[in-house]
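Colleague: Take this structure first; my questions come after.
None of the figures in this text is laboratory data; all of them are computed from the coordinates on show. Just so it is clear, the model here is predicted, and its values are computed rather than measured. Note: ideal-geometry Cβ built from the backbone for every residue, glycine included; neighbour counts use all protein chains shown.
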Amino acid sequence: MIYSLNSVSKFFLQRREQVEALNAVTLQVCPGEQIALLGQSGAGKTTLFRLLNGTIRPTAGSLLFDGHDTASLTGIGLRAMRRRVGTIYQQHNLVPSLTALENTLSGALGRMSLLATLRGILQPAKADSELALHALELVGLADKRAARADELSGGQQQRLAAARVLMQSPDVILADEPTASLDPELAETMTSLLAGLARDSRKTLIMAVHKVDLATRYFPRVVGLRAGGLSFDVPQSEVRGDLLNSLYARDGKSPGDRDGDSLQYKFRCAR
Amino acid sequence: MLSVVAGFALLAFSWWFAEIRPGVLFHPATAAAIWNFVSRLFPPDLSTEFLRTVLRAVTQTMATAIAGTLLSITVALPLGVLATGTLWNRGVLVAANDRFAYGVGWMASRLARTILGFLRAVPDLVWALLFVAAVGLGPLAGTLALSVSYSGVLGRVYADVFEHVDPRPLEALQSTGATRMQIFLRGVWPQAVPHLTAYTLYSFECCLRAAAVLGFVGAGGIGYEISVSMRLFEYGQVLTLLLVFILLLIVTDAASRYLRTRSISGATSERKIRSEGTSSLKLLTNKSRRLVAWIAVLFLMVASFALAGFVPETLTQAGVLSRSTGFVGRMLPLDLSWAFVNSLGTALLQTIAISLMGTVIGMALAVILAVPATSTLTFVRGDSPGKHGIADRALRWLLFWSARLVLNILRSIPELVWVLICILAVGIGPFAGTIALGLHTAGVLGKLYAETMEEVPLRPVEALRSLGAGPIQVLLWAIWPQARPLLSSYTVLRWETNLRASTILGLVGGGGLGQVIYNNVQLGFYPRLTTLILLIYALVLASDWIGERLRLHVS
């Protein structure tokens, strides 16, 4: 089990009011699984990703990463965990004034010593530069390596963010709606690129997708989030119209009063 | 490559001319001198007798700053209007075919700009020296110096504000047949007022700092008391004066920030004030309250002018007016004898060296202090994973606030006071001036650096943190690349300010041109003073030119 979430909740304080971003989410993820995450904006997808990559910690419940409770991780242990989780952000989160190559190189920071970091500012290690160039080639940006990140188009920035994750070479890839700002064709290319990569290198992939057909076509398992709670968690073959209707309905029922537990499957990790 | 070599050559040049002797810093005698100074700072002198002196000095400084600001506003407004290019020689208001009017307008605004530039370029302490020589010791000289110097600063800002108002309403007014005067009063002025108020309040703060320092050349106030107490080795008194000065700065800063937010956010805050007003002062009507406020302000102004030496006795005493005109006569013609001009070479190079070396030292210290003073680097988010024990939190808190405190102390103490302190450690000369400039610069730049790094977009920072980067890696890869252009241009701007400052460090023993100025004033060689002032003006023009190019280059 790479992730084991046990009724994880996350509250934020906003103007002295508690806002419930996630409410008692229970989820098990096996190594090498590919999961699509569906849900309206505000359903808690971004919060879930920030919990999964160790940026924030749960207000209640426990989150185990590879058997370790993330709440108890500190310093080096925390960095080691974060190194194994790569995130592609909704807004890409690139450093605008650095070049594409430098942004890609920064993916390797987690495994660089301080000395190597300092040396790398002047002259990055040869092995690292080669890896970074290879990553840029994979996403089709090799010719843009010297361009600043803020000079790239939205789609190119997206692919650059993917290259940074490839450079990091993590065990888990989290992708927070990376296709939201792309046109349909590019969105499909991006999805198939990430899904293919994960399948070939047996990486875990959790991706927030805003198009149902992409989710059912590329991902064996589909999870629906609604208003901070788990709405459904089913294999791709079981994604039906009524599930989606309740997920996207404006005045639908809250996830608490679903009819029965039949929609939650017990996924077992293959040995 | 070439720029690296040039950089090292400049550094070597500065090292040589600023007479940097790091050995002196580590000499046991230096440590003893510093310890002697620091230990005798405590306890601060709080005797009633001395506090009465402090109170008098503080009121004098305040009065000088208020009167100086008011006078400079009255000079700056007409000059600023005249210097506004959009009113006279370009943009929608100027008829392209009227060549004569165009030519006159162009000349007038050029002339006004040049005058403002000159007033601004000559340091206020040099103006103070001139006025002390012309009208005698006391706050009157200080007030006049401030009003001349800040006319230059404010006039330039006013002209820039007038030029950058939205031109569309002006065009509309012009099409109704309004005269240029009407367009200014009804179109430009209303748009400019909030910014004018904000800048004027800000310049009052600067004026207050300057007013405190002018005393070093005999213009009264806190600076005068500090220099007297330093000379008497009464360091406890120095500490009291410095603490009071810093307190004064904090209070003024808070008051002007309050007034500034009110003046910028016009309508909404006005409504808020009205609702607050009804709760606190129910008995008075809006109108009568405004009247009371105006009377209070008027009283404050009159009192300031009186305390700043604008009383009949001082003004008529021994004919201040005739003395001043006589003084101007004695400054001319300027001394251009080869012997004198030739002797200025070393002092000039020394001044440039002090400014460069002081900026470099300040930069290095600022970086060291700014990193822990950047809250986004030092503190971790409250809800980030990992157990952050009490000890860990306390350590981070302590690190952050001590860095901020050191920066604030470095910044609040004026350069000239730092020179006096450094002289105790390393003796009179350019080395003391350089360290003093470096310390003050570290305070100014460190605060700017920390604030810039805090305001960098945080998304890339979060991305790197989440892939396992440590704090130093985040600093080098996410914060520095984003903050670099601003940090560089702040540093270049500071160097320009420092070059001006290094021309006056010598007035209290910090080397450079100031030393020459001081000597010639003491000896009464006023024609030489004219030459020196023109030299400083040329130096400042050159540094403006270089700085502008450098800033374009780095950003």
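Colleague: Give me the base-10 log of I(q)/I(0) for the range B:437-480 at each q in 0.15, 0.18, 0.29 Å⁻¹, Debye formula, one uniform scatterer per Cα, rounded to two decimals.
Modeller: Taken in order of the listed q values, log10 I(q)/I(0) reads -0.45, -0.57, -0.94.
Colleague: With the calculation restricted to Cα positions, what are the radius of gyration and Dmax of the range A:200-242 in angstrom?
Modeller: Expressed in Å, the Cα Rg and Dmax of the range A:200-242 come to 11.0, 35.
Colleague: Oh, and also: For the range B:403-545, restrict the atom set to alpha-carbon positions and state the Rg and Dmax in Å.
Modeller: Looking at the range B:403-545, its Cα Rg and Dmax stand at 19.9, 69 Å.
Colleague: Can you check what the Kirkwood hydrodynamic radius comes to for chain B, Cα pairs only, in Å to one decimal? All intermediate terms of the calculation are to be shown ahead of the outcome.
Modeller: Values: mean 1/r = 0.0382 Å⁻¹.
Radius from the Kirkwood sum: 26.2 Å.
Colleague: Still on this structure, please answer the following. Among bridges DSSP assigns within the protein assembly as shown, what percent are antiparallel (round to 5)?
Modeller: Beta bridges within the protein assembly as shown, antiparallel portion: roughly 60 percent.
Colleague: Could you derive backbone 3J(HN,Hα) for the range B:161-166 from the dihedral phi with the Karplus parameters 6.51, -1.76 and 1.60 (θ = phi - 60°), listing whole Hz in sequence and x where the residue is Gly or Pro?
Modeller: Working through the residues one at a time gives 5, 4, 5, 9, 6, 4 Hz.
Colleague: Largest first and in whole Å, what are the equivalent-ellipsoid semi-axes of the range A:118-177 based on the Cα gyration tensor, each being the root of 5 times an eigenvalue?
Modeller: On the way: eigenvalues 75, 51, 23 Å².
The three semi-axes for the range A:118-177 are 19, 16, 11 Å.
Colleague: Using only the Cα atoms of the range A:94-236, what are the Rg and Dmax in Å?
Modeller: When restricted to Cα atoms, the range A:94-236 yields Rg and Dmax of 16.5, 50 Å.
Colleague: Of all alpha-carbon pairs in the range B:107-196, indicate the percentage at a distance above 20 angstrom.
Modeller: 52 percent
Colleague: Hey, what D do you get for chain A in µm²/s if you plug the Kirkwood alpha-carbon radius into Stokes-Einstein at 25 °C and 0.890 mPa s?
Modeller: 126 µm²/s
Colleague: When every alpha-carbon pair in the range B:503-555 is counted, what percent end up more than 16 Å apart? Write out the running numbers ahead of the final one.
Modeller: Values: 705 of 1378 pairs.
Cα-Cα pairs of the range B:503-555 separated by over 16 Å account for 51 percent.
Colleague: Search the structure for amide H atoms under 5 Å from the amide H of A:Thr87, placed 1.01 Å from N in the peptide plane, and list their residues when 5 or more places away or on another chain.
Modeller: Amide H to amide H, under 5 Å and 5 or more residues apart or across chains, A:Thr87 pairs with A:Leu174.
Colleague: Same structure, new question: Could you line up A:Thr87, A:Thr179 from fewest to most neighbouring Cβ atoms inside 10 Å?
Modeller: Sorted ascending by nearby Cβ count, the order is A:Thr179, A:Thr87.
Colleague: Per the helix-only calculation at 222 nm, which mean residue ellipticity applies to chain B, given -39500 (n - 2.57) for every DSSP H run of n ≥ 4 and division by its residues, nearest 500 deg cm²/dmol? Walk me through the intermediate numbers first.
Modeller: Values: 27 runs with 440 residues, N = 555.
For chain B, the value works out to -26500 deg cm²/dmol.
Colleague: Here is a further query. Kirkwood-based Rg over Rh for the protein assembly as shown (C-alpha set), two decimals?
Modeller: Details: Rg = 33.3 Å, Rh = 31.6 Å.
For the protein assembly as shown, the value is 1.05.
Colleague: Mind listing the long-range amide H neighbours of A:Gly229? Cut-off is under 5 Å, sequence gap 5 or more, other chains count too, H placed in the peptide plane at 1.01 Å from N.
Modeller: A:Asn23
Colleague: Run through all the Cα pairs of the range B:1-159 and give the fraction in each 5 Å bin from 0, expressed as whole percent.
Modeller: Once binned at 5 Å, the Cα pair distances of the range B:1-159 give 2, 8, 9, 10, 9, 9, 11, 13, 12, 8, 5, 3, 2, 1, 0, 0.
Colleague: Quick one: compute the contact order of the range B:328-476, relative version, from alpha carbon pairs under 8 angstrom and 6+ residues apart, as a percent. Don't skip to the answer; put the middle values down first.
Modeller: On the way: 139 pairs, mean separation 50.7, N = 149.
Answer for the range B:328-476 is 34 percent.
Colleague: Right, something else. Listed here are the pairs A:Lys126/A:Lys203; A:Lys10/A:Lys144; A:Lys144/B:Lys447; A:Lys10/A:Lys211; which of them are more than 29 Å apart at the Cα?
Modeller: Distance filter (> 29 Å) returns A:Lys10/A:Lys144; A:Lys144/B:Lys447.
Colleague: Continuing with the same structure: So what is the relative contact order for chain B, in percent, with contacts set as C-alpha pairs under 8 Å and at least six apart? The partial results should precede the final answer.
Modeller: On the way: 737 pairs, mean separation 100.3, N = 555.
It comes to 18 percent, rounded to a whole number.
Colleague: Thinking of the range B:105-264 as a set of Cα atoms, what percent of all their pairs are more than 24 Å apart?
Modeller: Cα-Cα pairs of the range B:105-264 separated by over 24 Å account for 50 percent.
Colleague: Using the Cα atoms of the range A:47-152 to build a convex hull, what is its mean projected area in square nanometres? Please report the intermediate quantities before stating the final value.
Modeller: Numbers: hull surface 32.0 nm².
That works out to 8.0 nm².
Colleague: Calculate one ³J(HN,Hα) per residue across the range B:425-441 by plugging θ = phi - 60° into the Karplus curve 6.51 cos²θ - 1.76 cosθ + 1.60, and present them in order as whole Hz with x for glycine and proline.
Modeller: After applying 6.51 cos²θ - 1.76 cosθ + 1.60, I find 8, 10, x, 5, x, x, 4, 4, x, 5, 4, 4, 4, x, 5, 5, 4 Hz.
Colleague: Given the peptides B:32-44, B:461-473, B:198-210, arrange them by the average over their residues of other C-beta atoms within 10 Å, most packed first.
Modeller: The peptides rank, most packed first, as B:461-473, B:198-210, B:32-44.
Colleague: In addition: Please state the relative contact order of chain A as a whole percent: Cα pairs under 8 Å, 6+ residues apart?
Modeller: Reported relative contact order: 25 percent.
Colleague: Same structure, new question: Stokes-Einstein D for the range B:327-446 at 10 °C, 1.306 mPa s, Kirkwood Rh over Cα pairs, in µm²/s?
Modeller: This corresponds to a translational diffusion coefficient of 91 µm²/s.
Colleague: Also: Could you please tell me the mean projected area of the C-alpha convex hull for the range A:153-228, averaged over all directions and given in square nanometres to one decimal?
Modeller: Taking a quarter of the hull surface, the average projection is 5.3 nm².
Colleague: Sticking with this one: Where the centre of each part is set by its Cα atoms, how far does the range B:111-143 sit from the range B:447-515, in angstrom?
Modeller: Cα centroid to Cα centroid, the span is 32 Å.
Colleague: Further question: Lys/Arg Cβ at +1, Asp/Glu Cβ at -1, dipole of chain B taken about the Cα centre: which of B:Pro22, B:Ala134, B:Phe8 is farthest positive-ward?
Modeller: B:Ala134
Colleague: Further, regarding this structure: For the range B:64-76, what does the Karplus curve 6.51 cos²θ - 1.76 cosθ + 1.60, with θ = phi - 60°, yield as ³J(HN,Hα) per residue in whole Hz, taken in order and with x for Gly and Pro?
Modeller: 4, 5, 5, 4, x, 5, 4, 4, 5, 4, 5, 7, 5
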